[in-house]
1. If the chain between Ser156 and Tyr37 were fully stretched, how many nm would it gain, using 0.36 nm times the residue separation less the Cα-Cα distance?
2. Determine the gain in length on full extension of the stretch Ser56-Arg6; use 0.36 nm per residue of separation and subtract their C-alpha separation, reporting nm with one decimal.
3. Bin width 10 Å, alpha-carbon pairs only: give the P(r) of the chain as whole percents, running from 0 to the bin holding the largest distance.
4. Taking the Cα atoms only, what angle lies between the long axis of helix 169-178 and the longest principal axis of the chain, rounded to 10 degrees?
5. Any idea how far apart Ala177 and Gln192 come out in nm if each label point goes 7 Å out from Cα toward Cβ?
6. If you roll a 1.4 Å probe over the chain with all protein chains in place, what percent of the accessible area is carbon or sulfur?
7. Counting only protein chains, not ligands or nucleic acids, how are Leu186, Leu62 ordered by accessible area (probe 1.4 Å), most first?
8. Using a 1.4 Å probe and ignoring any ligands, DNA or RNA, find the accessible area of Glu82 and quote it in Å² to the nearest 10.
Amino acid sequence: MTAAHRRIGVMGGTFDPIHHGHLVAASQVCHRFALDYMLFSPTGQPWHKDAMPGASAEDRYLMTVLATSADPRFDVTRVDIERGGPTYTKDTLRDLRAQWTPQGAEHIEWFFVTGADAIATIGSWQDPAAIVELAHLVAVSRPGHTFVEPPLPAGSWSWVEIPALSISSTDIRSRVARGEPIDYLLPNAVAQFITKRGLYQTGQGPGAA
Ligand code: NAP
């Protein structure tokens, strides 16, 4: 008898805010790699602060829950938010692997999915050698994007092109700040949450002075 085998994806991102590009990417990667689940993991402390004000970790988490709740393959984990401090992918994967222990003879195969721009910088992340021991890496990018190969062993990573990734969180934040529409770029519930909380208005939010 063959031991049970589960394949679990971890979708890492700041999700400030989550949009349809992220959701299409997660769905396509689930299909391509025959994943059973995709766990969206909003970062704790984002790595970079740009000129636009960003949402708090709790608001990014809530938007991610709103966006993913209807899809039975998708779930959201709080591991990076509850650990606090800057998010290191090595810790994300270690914490999730500790939570999802295989049952009996079951084997769990892990995939870490994020933007190709982020994965291109993996040489400067904490302990890339440990990360590729913990999960297969999947770099998602938009068509026409010049992909910079990460300094990782062949076979430890894959690259997937996602047309819908021409939508970007940076563009959505800029549109909100300029008072332009964001309809259909992201789930309606997330757009309503942004309005309700007054997120991404110039001079507001946790990034503001
Ligand atoms: P980022 O620099 O904000 O994003 C870089 C690019 O990738 C942007 O174009 C972004 O578009 C896109 N992107 C980010 N997450 C994506 C996703 N899940 N699916 C599709 N596109 C995505 O990246 P970040 O959010 O800070 O970090 C991404 C992940 O890498 C996080 O899980 C983070 O913890 C991890 N990371 C780890 C380390 C480390 O361990 N030292 C260092 C850096 C990043 P959008 O803005 O539209 O999302």
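The values are calculated or read from the model by the stated rules, or taken from the named source; none is laboratory data. Only a predicted model underlies this, so the values are computations on that prediction, with no experimental measurement involved. Here the Cβ positions follow ideal geometry from the backbone for every residue, glycine too, while neighbour counts run over all protein chains shown. In case anyone asks, the SASA skips ligands and DNA or RNA and just uses the protein heavy atoms, side chains included. Shrake-Rupley method; radii C 1.70, N 1.55, O 1.52, S 1.80 Å.
1. Details: separation 119, 0.36 × 119 = 42.84 nm, distance 1.99 nm.
Working it through step by step, the gained length comes to 40.8 nm.
2. Values: separation 50, 0.36 × 50 = 18.00 nm, distance 3.29 nm.
My answer for the length gained is 14.7 nm.
3. 8, 34, 38, 16, 3, 0, 0
4. Approximately 10 degrees, to the nearest 10.
5. Reported label-point gap for Ala177 and Gln192 is 2.7 nm.
6. Numbers: 5520 of 10480 Å².
It is 53 percent, rounded to a whole number.
7. Values: Leu186 5, Leu62 65 Å².
Sorted descending by solvent-accessible area, the residues read Leu62, Leu186.
8. 130
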